[in-house]
Amino acid sequence: ANASPKFKSALSQRSLPFWDDVKKKLDAKTALVSYVITDSAKVILIGNSSGLILKTIPAKTDIERLVRGFVTQLKLQIPEIEPLRTNLTKILWEPVEQALKELGPIENVIILPQGPLSFLPFEALGTDTYLLEKYTISYQLSGALIANQGLSQVNAKPAFIALAPVLKMKKPTL
């Protein structure tokens, strides 16, 4: 009810934003990775300020089952997670990695997950290293929200503040 005007504007748009409107909000080192999952097709759109690349995932891939299994294994800290992590990386990230190489040196990745991918921590994917070690990863709900944001908001580095109380203990008196 009390949503920001930019958020309301993005929600009220009935059509997808044009790529030209979205790419204006990205710099050369920031890439947008949008997963589009339907019953008949599974597509990944990867782009930055210089271009847009389309990659596909085999249509018969049961992404929901793979993600559910991976997230469960992460939660339970099952040691045999590596084969599933490698498989998910091969299916969901290797096509993206190829596109990122074509787009130039990328440091920041904005992921627009869809469906079961909304539950996947992409930072935990990777083969030799975790994606978290290679990229600054953030998530966004839609391209329309990005198109309506200012450039500084899109490329802002995530901030983390931690506070802890300092308690002074009195020495016991005997």
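In table form, for the structure just shown:
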| read-out | value |
| --- | --- |
| Residue list for segment 69-100, restricted to those being among the basic types (Lys, Arg) and modelled with pLDDT of 95 or more | 90 |
| Single unsatisfied condition, residue 98 versus (1) over 22 Å from residue 23 (Cα atoms); (2) touching a strand residue (DSSP E or B) at 6+ places or on another chain (Cβ under 8 Å); (3) open to solvent by 60 Å² or more (accessible area, probe 1.4 Å) | (1) |
| Tally of residues being open to solvent by 80 Å² or more (accessible area, probe 1.4 Å) and more than 12 Å from residue 125 (Cβ to Cβ) across segment 80-95 | 2 |
| Residue that is farthest from residue 35 (Cα to Cα), among those in segment 126-137 that are at pLDDT 90 or above and open to solvent by 100 Å² or more (accessible area, probe 1.4 Å) | 133 |
| Failed criterion for residue 78 (all others in (1) in contact (Cβ under 8 Å) with a residue 24 or more places away in the chain; (2) more than 18 Å from residue 118 (Cα to Cα) hold) | (1) |
| Of residues in segment 141-161 being open to solvent by less than 50 Å² (accessible area, probe 1.4 Å), touching a strand residue (DSSP E or B) at 6+ places or on another chain (Cβ under 8 Å) and farther than 19 Å from residue 37 by Cα, the one modelled with the highest pLDDT | 146 |
| Single residue of segment 30-79 satisfying the filter (more than 21 Å from residue 137 (Cβ to Cβ) and among the polar types (S, T, N, Q)) that is most open to solvent (accessible area, probe 1.4 Å) | 77 |
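Yes/no per residue for (1) within 27 Å of residue 21 (Cα to Cα); (2) open to solvent by 70 Å² or more (accessible area, probe 1.4 Å); (3) at pLDDT 85 or above; (4) within 18 Å of the chain's Cα centre (by Cα):
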position: 119; (1), (2), (3), (4): no, yes, yes, yes
position: 124; (1), (2), (3), (4): no, no, yes, yes
position: 139; (1), (2), (3), (4): yes, yes, yes, yes
position: 165; (1), (2), (3), (4): no, yes, no, no
position: 170; (1), (2), (3), (4): no, yes, no, no
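The values are calculated or read from the model by the stated rules, or taken from the named source; none is laboratory data. Treat the numbers as computed from the prediction; the structure is a model and nothing was measured. In this analysis, Cβ positions are derived from the backbone assuming ideal geometry, glycine residues included, and neighbour counts consider all displayed protein chains. Side chains are part of the model used for accessible areas, which takes the heavy atoms of the whole protein and leaves out ligands, DNA and RNA. Shrake-Rupley method; radii C 1.70, N 1.55, O 1.52, S 1.80 Å.
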